[in-house]
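**Student:** This is the structure, below, for whatever I ask next.
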Amino acid sequence: MAEDLISSLYPPPPIFYRYFTEENREKYEQLDNTEDLQGELKFFKPPTPPTGEYYKGYGNIWSFEDKLPGLEAMGFKQLYKDEVNDLNNSNLKIEELHKLVKSLLSNYVELLGIMSINPKEFSDKVEDLKTIIININHILNSYRPHQSRESLIMLLKNQITNKNNEITTIDNTIKDVKTNIEKLIDYNLVKVSNDDEKTNDNDIIDNILNKLHS
């Protein structure tokens, strides 16, 4: 029952999550020996790592080692060389893909001939086509790690480009604001200077008029 819950597609939360309370945590931290725990406190001890090569979870079987499993391990016939599984052997992958595509076209033509002569014998040729397509798909899937790295690199480069563009826009805006502020300062200085000159001229005229009247 427990294994069915773990391996189901949408398993419910484990019932022991309710035991992780502050009170139980304080009790666990005060213990000197955490080997033989009983009751609710036994769930505070981390479980031992699972053994084996595979584990069940969320409706699927997963491998502990993050790698693409071989075709024979999945129960299919492998038509290409074992060296193709090497991630760094790109040229050999391309050669084998060309061979498999040619074989796929050849078997398809043979299937058309069988369908025109004796349609009842089509099943074997359809199985051959399925095997070839599975082999092609498996080789293409071996490029997934490389595709993921390149996609991540492209995403990071785009983010860097966008950030640099934003920085350039901000710098240009700052320059425009500084230029406008400097223009305003210059204008105000000129205006104040002109006002001072007008005030001095008025004082001189007033002084002359006062002397004449006296």
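**Student:** Take the Cβ-Cβ distance between GLU83 and VAL126 as r, set R0 to 22 Å, and report the resulting FRET efficiency rounded to the nearest 0.05.
**Tutor:** FRET efficiency, GLU83 to VAL126: 0.15.
**Student:** How far is it, in nm, from the label point at VAL101 to the one at LYS178 when both lie 7 Å from their Cα along the line to the Cβ?
**Tutor:** The two pseudo-label positions are separated by 5.7 nm.
**Student:** Using the 2.2 N^0.38 Å rule of thumb for compact globular proteins, work out how the stretch 82-142 stacks up: its C-alpha Rg over that value, please.
**Tutor:** Details: Rg = 14.0 Å, N = 61, 2.2 N^0.38 = 10.5 Å.
Scaled against compact globular proteins, the figure is 1.33.
**Student:** Report, in listed order, any pair from LYS81/LYS120; LYS77/LYS120; LYS27/LYS56; LYS56/LYS99; LYS56/LYS93; LYS102/LYS157 with a Cα-Cα distance greater than 27 Å.
**Tutor:** LYS81/LYS120; LYS27/LYS56; LYS56/LYS99; LYS56/LYS93; LYS102/LYS157
**Student:** Applying 1/(1 + (r/R0)^6) with R0 = 22 Å to the Cβ-Cβ distance of GLU22 and TYR58, what FRET efficiency is obtained, to the nearest 0.05?
**Tutor:** For GLU22 and TYR58, the calculated efficiency is 0.10.
**Student:** What FRET efficiency comes out for the pair GLU65/LYS42, r = Cβ-Cβ distance, R0 = 41 Å, nearest 0.05?
**Tutor:** 0.85
**Student:** Return the distance in nm (one decimal) between the two label points of a simple spin-label model at ILE153 and THR168, each offset 7 Å from Cα along Cα→Cβ.
**Tutor:** My value for the distance between the label points is 2.3 nm.
Values in this text are rule-based calculations from the coordinates and carry no lab data. Just so we're clear, the structure is a prediction, and the values are computed from it rather than from any experiment. In this analysis, Cβ positions are derived from the backbone assuming ideal geometry, glycine residues included, and neighbour counts consider all displayed protein chains.
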